[in-house]
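The numbers here are math on the coordinates, done by the rules we state, and not lab data. Everything numeric in this text was worked out from a predicted model, so none of it was measured. Positions of Cβ are backbone-derived with ideal geometry, glycine not excepted, and every protein chain shown enters the neighbour counts.
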Amino acid sequence: MDILINPNFAYVILLTGVVLAFFSASTPGTGVGEVVSLFCLIFAGYAAYTLSIHWWALVLLALSVPPFVLAVRTPSKWSVYLGLNILFLVAGSVFLFAPEGSLISVSPILALFMSVLVSVVMWAVLRQFITVVTSRPTHDLDALVGAVGIAFSDVFKEGSVQVEGELWSARSEVNVPSGSSVRVVGREGFMLIVEKNQ
């Protein structure tokens with residue numbers, strides 16, 4: 001267990017856990033990121049309990065949360081808020097673990113590498129996330145009316161169809177078996193209304 005109380009290792013798993021937690025909260029997925037983040041934070045918590053820490057650095061880490069939330073919820077100013085988030089996160093994590101009477105115990109080279117890596121990854125991923133959230137749909141959904149596709153599953157009150165190479169949620173007034181040819185006769189929002197193609 002000695003490696004868990006090594007400041008350099010604790011620093012890396014702390015940053016990994018926090019970054020994964022941020023991404024998992026903003027873009028929920030399979031749950032793998034959440035589980036890995038939880039284990040990293042548990043190990044980092046053990047290290048913080050065992051090692052001497054600077055409490056003001058812990059406050060900086062806590063202050064990194066609100067800017068991230070604002071970056072996700074305020075697309076027009078996401079870069080400003082993310083910059084603050086990265087600043088607090090990097091500063092808090094670098095100075096968190098320290099022996100008595102010392103300001104920093106993390107290797108400066110490791111701190112520089114991880115700071116750059118975290119900054120680039122968070123910037124790139126959140127920029128892509130904001131682009132997806134703010135971009136307008138490129139599909140003219142009304143143009144799908146009349147198109148022919150294939151029932152990806154049985155379709156009645158609900159189901160899936162493949163139209164123009166993409167999967168869509170669909171419903172039909174009559175049961176349409178999976179694999180049948182279907183024609184789009186209308187839509188309700190992003191739900192296609194289909195009938196069996198004769």
query = Considering only DSSP beta bridges with both partners in the chain, what is the antiparallel share in %, to the nearest 5?
reply = 90
remark   = In nm, the gap between the two label points placed 7 Å beyond Cα toward Cβ at Ser26 and Ser181 is 4.6
note = Expressed in µm² per second, the diffusion coefficient of the range 141-196 from the Stokes-Einstein equation, with Rh the Kirkwood radius over alpha carbon pairs, at 37 °C and 0.692 mPa s, is 318
remark   = Length-normalised contact order of the chain, Cα under 8 Å, at least 6 apart, in percent, tallies to 14
remark   = Counting as exposed only GluC sites (Glu not before Pro) in DSSP loop states with no more than 15 other Cβ atoms inside 10 Å, the longest exposed-site-free span of the chain is 1-99
query = So what is the relative contact order for the range 141-196, in percent, with contacts set as C-alpha pairs under 8 Å and at least six apart?
reply = 35
query = Of Pro75, Pro177, Ala143, whose Cα points farthest to the positive end of the dipole of the chain (charges on the beta-carbon: +1 Lys, Arg; -1 Asp, Glu; origin at the Cα centre)?
reply = Pro75
query = Taking the Cα centre of the chain as origin and charging only Cβ (+1 Lys, Arg; -1 Asp, Glu), how large is the dipole, in debye to the nearest 20?
reply = 340
task = Could you check which residue among Leu84, Leu141, Leu14 shows the biggest mean-square fluctuation in a GNM of the chain with a 10 Å Cα cutoff?
result = Leu141
note = Magnitude of the Cβ-charge dipole (Lys and Arg +1, Asp and Glu -1) of the range 112-195 about the Cα centre, nearest 20 debye, reported as 320
query = Of all DSSP beta bridges located in the range 141-196, what percent are antiparallel, nearest 5?
reply = 90
